[in-house]
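Working notes, beginning with the structure itself.
The values are calculated or read from the model by the stated rules, or taken from the named source; none is laboratory data. Since this is a predicted model, take the numbers as computed values, not measurements. Cβ sites come from the backbone with ideal geometry, for glycine too, and all protein chains shown count toward neighbours.
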Amino acid sequence: MKKHIFLSLFLLCVTYSLTFSQNGLFHRYTDSTLLVRDANVVRLKYQIRIAQKLGNILPKAKAILNTSPYLVYWDHELSTINLPLWAQVIEPQKAFFTELNKSKSKGEEMFGLFFNGFYIIHELGHGTDAYLTKKANRKYLDFYEGEYLANQIAIAYWQEAGYEKELQKCYQYALKFTKQLPNPVPKGEDPLKFFNTNYDELSKDPFKYGYYQFKQFVEIYENRKTLHLDDLLK
């Protein structure tokens, strides 16, 4: 069985050279072809890595260019990581990054770090979560738990793959924003219950949703020494 799994992954390797373009991930791409190519390189590397534990669980997964108001997301039906190109992002969202950073250049840098880098594996984490729920008889995760696991998987993978410098940059931005963004949780309410109950509303507001995402990132990153990818694939 394992021989067949790794043979199929090897054949995928023939399609994609496992090397990145000159600048690599975690920067703002201007060339959509390079973005999709590099994202599929790391997608394949992730598939090969988790196949050691779970087999080839995402055989149809691929990264595609699909700039949308969601910016980046996992389409479970199509098994696609939908990625944004900065040049195609709508102006109100570009303004969000500029306002958050009080700088256009810093806003673009932050966009590249997270949306053309970190979140590629985060979205594959959602695909992995769906597999574990349906195929491995693991309990269903609520919205907050699902996002938390995806962030854990992403930080664990990038850390293992040697991207500590890039994670550190992401952490610096995330830490700043958790202090800067207003807490959207009403006083006296449980943050997790509030997130799960109001997920649809929160996900439409980049400031409120960003607060939760950045807060999770900071918490997980600060405890990364005890974080191991294999422990999450159960």
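When Ser203 is tested against (1) touching a Ser or Thr at 6+ places or on another chain (Cβ under 9 Å); (2) of a type outside the set (A, V, I, L, M); (3) surrounded by fewer than 18 Cβ atoms within 10 Å (Cβ to Cβ), just one condition goes unmet, and that condition is (1).
Of all residues in the stretch 194-203, none satisfies being touching a Pro at 6+ places or on another chain (Cβ under 7 Å), closer than 29 Å to Pro92 by Cα and not in a helix (DSSP H, G or I). Restrict the check to the stretch 180-190 and report whether at least one residue is at pLDDT 95 or above and part of a helix (DSSP H, G or I). No, the conditions are met nowhere in the stretch 180-190.
Here Tyr70 clears all of (1) among the aromatic types (Phe, Trp, Tyr); (2) within 15 Å of the chain's Cα centre (by Cα); (3) under 20 Å from Pro206 (Cβ atoms); (4) outside any loop (DSSP other than H, G, I, E, B) except the condition numbered (4). Out of (1) of a type outside the set (Gly, Ala, Ser); (2) part of a loop (DSSP other than H, G, I, E, B); (3) touching a strand residue (DSSP E or B) at 6+ places or on another chain (Cβ under 8 Å), what's the single condition that is false for Phe26? If we test Phe26 against (1) of a type outside the set (Gly, Ala, Ser); (2) part of a loop (DSSP other than H, G, I, E, B); (3) touching a strand residue (DSSP E or B) at 6+ places or on another chain (Cβ under 8 Å), just (3) comes out false. Residues of the stretch 71-96 that are among the aromatic types (Phe, Trp, Tyr) and at pLDDT 95 or above: Tyr73, Trp74, Trp86.
Look at the stretch 29-56: where a residue is outside any helix (DSSP H, G or I) and a partner is surrounded by 17 or more Cβ atoms within 10 Å (Cβ to Cβ) and polar (S, T, N, Q), sitting 6+ places away or on another chain with Cβ atoms under 7 Å, you get Tyr29/Asn116; Asn56/Gln47. Residues of the stretch 35-67 that are more than 30 Å from Phe207 (Cβ to Cβ), among the charged types (D, E, K, R) and modelled with pLDDT of 95 or more: Arg37, Lys45, Arg49, Lys62. For Trp86, the conditions (1) without any contact (Cβ under 8 Å) to a residue 24 or more places away in the chain; (2) over 27 Å from Lys234 (Cβ atoms) are fulfilled apart from (1). Scanning the stretch 119-167 for residues that are among the acidic types (Asp, Glu), closer than 27 Å to Lys193 by Cβ and in contact (Cβ under 8 Å) with a residue 40 or more places away in the chain yields Glu123, Asp142, Glu147.
One residue stands out among those in the stretch 183-200 that are within 19 Å of Tyr70 (Cα to Cα) and surrounded by 11 or more Cβ atoms within 10 Å (Cβ to Cβ): the one that is farthest from the chain's Cα centre (by Cα), which is Asn198. The residues of the stretch 112-140 that are part of a loop (DSSP other than H, G, I, E, B) and either in contact with a Ser or Thr (Cβ under 7 Å, 6 or more places away or on another chain) or among the hydroxyl-bearing types (Ser, Thr, Tyr) (or both) amount to a single one, Tyr140.
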